[in-house]
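Structure, as structure tokens:
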């Protein structure tokens, strides 16, 4: 029986990076993936019409960390792309996140500068010193009218709970702007892998042994390994002994059209209309030049693969039980969104994977 220095569970960003880094210092690594592909939820592929699509929702890479970007650049060229969104409210498309133009359009005002906008929002906001939940976080910044039209129903659709029940970080992720800047993110580096995420992962994992369509628990007793790196759901690892950690999932409806573009923006959010939360036409971001297009409508769901940890005090307390349990294992490492029950961006996962590698290299 072959012996491995590291058994790594999951071929998303965390698992793939650690596999590549550990193999680079001559560690014997095997990667176990329950799906039939690498790349985790960032996996993309060419559909039956030749359109490059993101299977599990759009992934727009951004970071302020040059070291992270340089590392990933070993495996891909990039296409610079700044992500811009519109939100459909009252029959109109508004810039989102909320900025000067959004406010002027919505309130039919004619503010010219940041000072005017700040003074206006000061008159609208609810004065809450320390917001305790997602609703309070928004209304303390911009008041009830903008919250009710742009945030409340989208949050309820996405999380299937009242925003009062969610951590304020849920809505704090979305900035409020006082100028005409309509970029969704402020990161200094915003780009898409030129040839897609799958190609990036393929290059990263060249030469590394991978078991596809394989459940970790079905093969763990058949492999000898000195260390385990686990990126799957932490509650599943412990057979849900304290109960199941709740997640929100997504169902995707892909539609193909015989036209250059379906919509003018890569993403349009629908907070108050329809069952889906957004329509994404990723072709805007990939830069693919073809006469057809494919869009995807996203429907939040309780059922399906775990996508979003639901951030609440109750759920964090349950996660802490699993975290404490994990500390009883020597040479077992839990990393990534599912294993740490956190809503992490791609660059945050990359950074944590590289940090763990540096730790393992020193010990």
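The values are calculated or read from the model by the stated rules, or taken from the named source; none is laboratory data. All values derive from a computational prediction rather than experimental measurement. Using ideal geometry, Cβ is built from the backbone for each residue, glycine included, and neighbour counts are taken over all protein chains shown.
Among 300, 271, which is the only one that is buried (at least 16 other Cβ atoms within 10 Å of the Cβ) and either on the phi > 0 side of the Ramachandran plot or in a loop (DSSP other than H, G, I, E, B) (or both)?
Sole residue among the options that is buried (at least 16 other Cβ atoms within 10 Å of the Cβ) and either on the phi > 0 side of the Ramachandran plot or in a loop (DSSP other than H, G, I, E, B) (or both): 271.
Across the range 326-355, which residue is farthest from the chain's Cα centre (by Cα) among those that are within 19 Å of residue 307 (Cβ to Cβ) and part of a loop (DSSP other than H, G, I, E, B)?
Filtering the range 326-355 down to residues within 19 Å of residue 307 (Cβ to Cβ) leaves 334-350, 352.
Restricting the remaining residues to those that are part of a loop (DSSP other than H, G, I, E, B) gives 335-336, 341-345.
Working: 335: 15, 336: 11, 341: 13, 342: 10, 343: 7, 344: 6, 345: 5 Å.
Within the range 326-355, the match that is farthest from the chain's Cα centre (by Cα) is 335.
Here are some residues: 190, 263. Which one is surrounded by 14 or more Cβ atoms within 10 Å (Cβ to Cβ) and assigned to a loop (DSSP other than H, G, I, E, B)?
263
Looking for something modelled with pLDDT under 95, out of contact with any strand residue (DSSP E or B) (no Cβ under 9 Å at 6 or more places or on another chain) and within 30 Å of residue 54 (Cα to Cα) - is there at least one such residue anywhere in the range 215-230?
yes
For the list (1) surrounded by fewer than 19 Cβ atoms within 10 Å (Cβ to Cβ); (2) within 30 Å of residue 332 (Cα to Cα); (3) within 22 Å of the chain's Cα centre (by Cα), I need the number of the one condition that residue 197 fails.
Against the list (1) surrounded by fewer than 19 Cβ atoms within 10 Å (Cβ to Cβ); (2) within 30 Å of residue 332 (Cα to Cα); (3) within 22 Å of the chain's Cα centre (by Cα), residue 197 comes up short only on (1).
Could you list all residues from the range 285-296 that are farther than 20 Å from residue 174 by Cβ, within 19 Å of the chain's Cα centre (by Cα) and not in a strand (DSSP E or B)?
Listed by number, the list holds a single entry, 286.
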